[in-house]
Amino acid sequence: MKFCAPIFPMGTKGGIKEGLAKIQMPAGVFFNPHMQLCRDIFSLSIGALPEKKLSLCDCFAASGARGIRYKLENKNISKLSLVDWSLPAADACKKNIALNKLKNSRAYKSRMETFLAKRPSDFLEIDPFGTPAPYLHPAFASFSNAYSKSAYLSATATDTAVLCGAHSDACYKIYQCSPLNCEFCHENAIRILISKIARTAADFEYGISPLFSFSHRHYVKVLLRVQKGAAFAVSSIKTLGYVSYCPKCLYREWAKFPTKKTCACGTILLHSGPMWLGPLWEKGHVQKMLQLLPARPYLQQAQLQKILCTVESELSLPPFYYDAHALCKKLKIGAHSLEALQNSLAQKGFCFSRTHFLPTGFRTDAPIEEIKKALL
Ligand SMILES: C[S@@+](CC[C@H](N)C(=O)[O-])C[C@H]1O[C@@H](n2cnc3c(N)ncnc32)[C@H](O)[C@@H]1O
Ligand SMILES: [Zn+2]
């Protein structure tokens, strides 16, 4: 497992304010200020959940910044547990709970695996160093031991190099998936992560449905609804499949199992999976997030608005975005404006959207030959 050095190894005098929370970080307690946008967007995502009373466990709490913000900023979190196996971190959580005058909140010095075996919660936040894979089993065992009919799980993965195909053996080992190092590798990364979660969920007879997926900087993160029952588990597993990709002409197709060995251009296709082929977002959930955003005290309001609007426009379009930059390079032409491409494709009746995954990325239902014609 990769270990990131604490971003503030010396601690911060006086602490910081993030969202509605005041947070102090003593020496040796991990805190990454670059994850503020991530904490903003997933706090918003929690606010958009329909339940009125949820108990939440931040299983990798560090300073407690994430869990404390989730509770302070959302009325639907009625109880908070902050868990970290490091003593300085658990102490910092305790102090930060007091600093923010949080009720029904407690800090625990514990491994999340042992903690969850005794104390279940409705919502589990899994934000470890590197991959969340080893922690999915204790998370679903905990839902199962509590006979939870429905629950929520949010998991972050910072091993994006593994998920994006830079180390395929590690991806086989950790996620039991073959990755793909290509222009839509960040979407593949999320789909592989969800596939691993769906397969672990099925071991405990749970099904999953993604409410919000996000790729930014060095991490990918998902928030999923978890539902008990064989039918939910089977339906999730039946949503897994493979993408087949041609590195020469950039053609791609997806299906439960790969159907072709060779692309129409004669190149051997590369296959990646088993990955989640279903939706990455629930439309109503994203719309609720957009509704809630203006009332939030977030520094990066404009950026969050832009991200959510892009997600809203991409969520109903086909998976596996294209990259205009990669296509232009293949066609040996200069950079092309996305607006012009959108207009050309719209004239022929094709859908088009940008994607939050990549500034030069886009989604369309147009076949690759039509996209290339529109670019030339
Ligand atoms: C990436 S940091 C969490 C960051 C935090 N969620 C935030 O947003 O600031 C991971 C934390 O998990 C703790 N940790 C690692 N393995 C653990 C385990 N098995 N159980 C509980 N805590 C663990 C580490 O001590 C570290 O503080
Ligand atoms: Zn091809």
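Each reported figure results from applying straightforward, stated rules to the coordinates on display, with no laboratory input. Here the structure is a predicted model, which means the values were calculated and not measured. Neighbour counts are summed over all protein chains in view; Cβ atoms, including those assigned to glycine, are modelled from backbone coordinates with ideal geometry.
Brief remarks follow.
- Sorted peptide list for 53-64, 336-347, 234-245, criterion being average Cβ within 10 angstrom, highest first: 53-64, 234-245, 336-347
- Under 12 Å, Cβ to Cβ, from residue 115 - net charge with Lys/Arg +1 and Asp/Glu -1: +2
- Least to most buried among 187, 369, 282, 73 (fewest other Cβ within 10 Å first): 369, 282, 73, 187
- Viscosity 0.890 mPa s, 25 °C: Kirkwood-radius Stokes-Einstein D of the range 16-276 over Cα pairs, µm²/s: 129 µm²/s
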